[in-house]
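K.L.:
One structure, as structure tokens, below. Some questions next.
The values are calculated or read from the model by the stated rules, or taken from the named source; none is laboratory data. Because the structure is predicted, anything quoted here is derived from the model rather than measured. Neighbour counts run over all protein chains shown; Cβ positions are idealised from the backbone, glycine included. Just the protein is used for accessible areas: all its heavy atoms, side chains included, with ligands, DNA and RNA removed. Shrake-Rupley method; radii C 1.70, N 1.55, O 1.52, S 1.80 Å.
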Amino acid sequence: QNTQVTVEAIVIGDFQGEEGLNGFYVLEEDGDADDDATTSEGLFVLDEALGTDVAVGDRVRVRGTVEERFDALTALTAVSEVDVLASGETLPMAAELNFPLEDRTALEAAEGMRVTIPQALFVSEYFNLDRFGELRLSADGPGNAEGTDGRIEQYTQFNAPDAAGFAAYQELVARRQVILDDGSAQQQPTALFGRGGQPLSASNPLRGGDTVVGLTGVLSFDFDNYRIHNNEGVDFQPTNPRPAV
């Protein structure tokens, strides 16, 4: 914390500029990763004042100050140097996260890293899709009522009101869900997430209950939620087609 360091690693997520997150994510090369599964090998570089252009697959040397931004995300700030040493490097292997999680602490250990989720994730909530480019995704698992898919249901839809039961339900569903984020801090962005990896449009909609298998992106933590940043499109499939009538 508040220590100046120099880091050499591979760019795994390019979200530079005001239309993105004013920075990029780097991840240690596989051969240089440590053997501690409880610590992250990734880092967010906030380079808003520097402006050196980078791309996914670049090997870079970065100098800046380690900071825990908003008591949430570990980042390099006050960046004074970004040198692109090579381009087109093989990306480090993505860390596999299996949903539902046995423990939410698995997310803290992968913060800032490239991750993949092999299980099917369902579009569970899209309230912020047009405002912030976000979707809430959830896996099937504990807490699901019989005969439903992996979406998060209201507790009282299948249970009588009960404070203790609701608290237990919240604990269960917390291990099944994550936010998908378009890697932009803009409001009312161009909607990135439609079906088949293509943008959302009138002719390419997205529907609650649609699914993605093998979601891959960069895991971060902002606004009290773990989120996977992806600005390259996601292959959602029409698992829940709209009825003809």
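K.L.:
Condition check: touching a residue at least 40 places away in the same chain (Cβ under 8 Å) and under 16 Å from Phe15 (Cα atoms). Does Ala94 satisfy that?
P.N.:
So Ala94 does not fit the description; no.
K.L.:
Out of (1) hydrophobic (A, V, I, L, M, F, W, C); (2) open to solvent by less than 30 Å² (accessible area, probe 1.4 Å); (3) part of a loop (DSSP other than H, G, I, E, B), the odd one out for Ile152 is which?
P.N.:
Going through (1) hydrophobic (A, V, I, L, M, F, W, C); (2) open to solvent by less than 30 Å² (accessible area, probe 1.4 Å); (3) part of a loop (DSSP other than H, G, I, E, B) one by one, Ile152 breaks only (2).
K.L.:
Oh, and also: Answer yes or no as to whether Gly147 is assigned to a loop (DSSP other than H, G, I, E, B), farther than 23 Å from Glu41 by Cβ, of a type outside the set (Val, Ile, Thr) and more than 14 Å from the chain's Cα centre (by Cα).
P.N.:
Yes, satisfied.
K.L.:
In the stretch 216-245, what count of residues is obtained for those that are under 18 Å from Gln119 (Cβ atoms), in contact with a Ser or Thr (Cβ under 8 Å, 6 or more places away or on another chain) and open to solvent by 60 Å² or more (accessible area, probe 1.4 Å)?
P.N.:
Going through the stretch 216-245 one residue at a time, the tally reaches 2.
K.L.:
Are there any strands (runs of 3 or more DSSP E) wholly within the stretch 1-109 with 2 or more residues that are touching a Ser or Thr at 6+ places or on another chain (Cβ under 7 Å) and not aromatic (Phe, Trp, Tyr), and if so which?
P.N.:
42-46, 59-69, 73-86
K.L.:
Every residue in the stretch 190-215 that is surrounded by fewer than 17 Cβ atoms within 10 Å (Cβ to Cβ) and under 30 Å from Glu28 (Cβ atoms), please.
P.N.:
Gly197, Val213, Gly214, listed by residue number.
K.L.:
May I ask you to list the residues in the stretch 32-62 that are among the basic types (Lys, Arg) and surrounded by 15 or more Cβ atoms within 10 Å (Cβ to Cβ)?
P.N.:
Answer for the stretch 32-62, where residues must be among the basic types (Lys, Arg) and surrounded by 15 or more Cβ atoms within 10 Å (Cβ to Cβ): just Arg59.
K.L.:
Counting only residues that are of a type outside the set (Phe, Trp, Tyr) and on the phi > 0 side of the Ramachandran plot, which one in the stretch 218-245 is modelled with the highest pLDDT?
P.N.:
My answer is Gly233.
K.L.:
May I ask you to say which residue of Gly141, Gly183, Gly133, Gly165 is closer than 18 Å to Thr211 by Cβ and of a type outside the set (Val, Ile, Thr)?
P.N.:
Among Gly141, Gly183, Gly133, Gly165, only Gly141 is closer than 18 Å to Thr211 by Cβ and of a type outside the set (Val, Ile, Thr).
K.L.:
If you go through the stretch 1-31 one residue at a time, how many are modelled with pLDDT under 90, surrounded by 12 or more Cβ atoms within 10 Å (Cβ to Cβ) and either touching a helix residue (DSSP H, G or I) at 6+ places or on another chain (Cβ under 9 Å) or within 21 Å of Thr90 (Cβ to Cβ) (or both)?
P.N.:
Within the stretch 1-31, residues that are modelled with pLDDT under 90, surrounded by 12 or more Cβ atoms within 10 Å (Cβ to Cβ) and either touching a helix residue (DSSP H, G or I) at 6+ places or on another chain (Cβ under 9 Å) or within 21 Å of Thr90 (Cβ to Cβ) (or both) number 1.
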